[in-house]
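The values are calculated or read from the model by the stated rules, or taken from the named source; none is laboratory data. Because the structure is predicted, anything quoted here is derived from the model rather than measured. Here the Cβ positions follow ideal geometry from the backbone for every residue, glycine too, while neighbour counts run over all protein chains shown. Each accessible area value is taken on the protein alone, full model and side chains, heavy atoms only, with ligands, DNA and RNA left out. Shrake-Rupley method; radii C 1.70, N 1.55, O 1.52, S 1.80 Å.
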Amino acid sequence: MGKIETTIKDLLIDTFDPSILSVINESYMHNVPEGSESHFKVVIVSKSFKDIKNIKRHQEIYKALK
């Protein structure tokens, strides 16, 4: 696990207290140098997202990650 991946996990845990969190580095699937941390897939389940529309969930995640 790289530094950026760890930072993403830590920020999301601190902000949303998720019951499920998966951060997957998908950088290897793109034309980037080996070992890059530039493309991530995030799956997060949290009570914080209850009754919030999908776009607002995304905005809240981007805000937490700045």
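Things to note:
- Cβ-Cβ under 8 Å pairs, at least 6 apart or on other chains, segment 25-38 side within 16 Å of LYS9 (Cα to Cα), far side small (Gly, Ala, Ser): ASN25/GLY2; GLU37/GLY2; GLU37/SER27; SER38/SER27
- Filter result for SER19 (open to solvent by less than 60 Å² (accessible area, probe 1.4 Å) and either more than 11 Å from the chain's Cα centre (by Cα) or farther than 16 Å from GLU5 by Cα (or both)): no
- Residues of segment 37-52 that turn out to be closer than 10 Å to PRO18 by Cβ and among the hydroxyl-bearing types (Ser, Thr, Tyr), as a count: 2
- Some residue of segment 24-41 being open to solvent by less than 50 Å² (accessible area, probe 1.4 Å) and part of a helix (DSSP H, G or I): yes
- All positions within segment 47-66 that are open to solvent by 60 Å² or more (accessible area, probe 1.4 Å) and either touching a strand residue (DSSP E or B) at 6+ places or on another chain (Cβ under 8 Å) or aliphatic (A, V, I, L, M) (or both): ILE55
- Residue among ILE44, ILE8, ILE4 that alone is in a helix (DSSP H, G or I), touching a strand residue (DSSP E or B) at 6+ places or on another chain (Cβ under 9 Å) and open to solvent by less than 50 Å² (accessible area, probe 1.4 Å): ILE8
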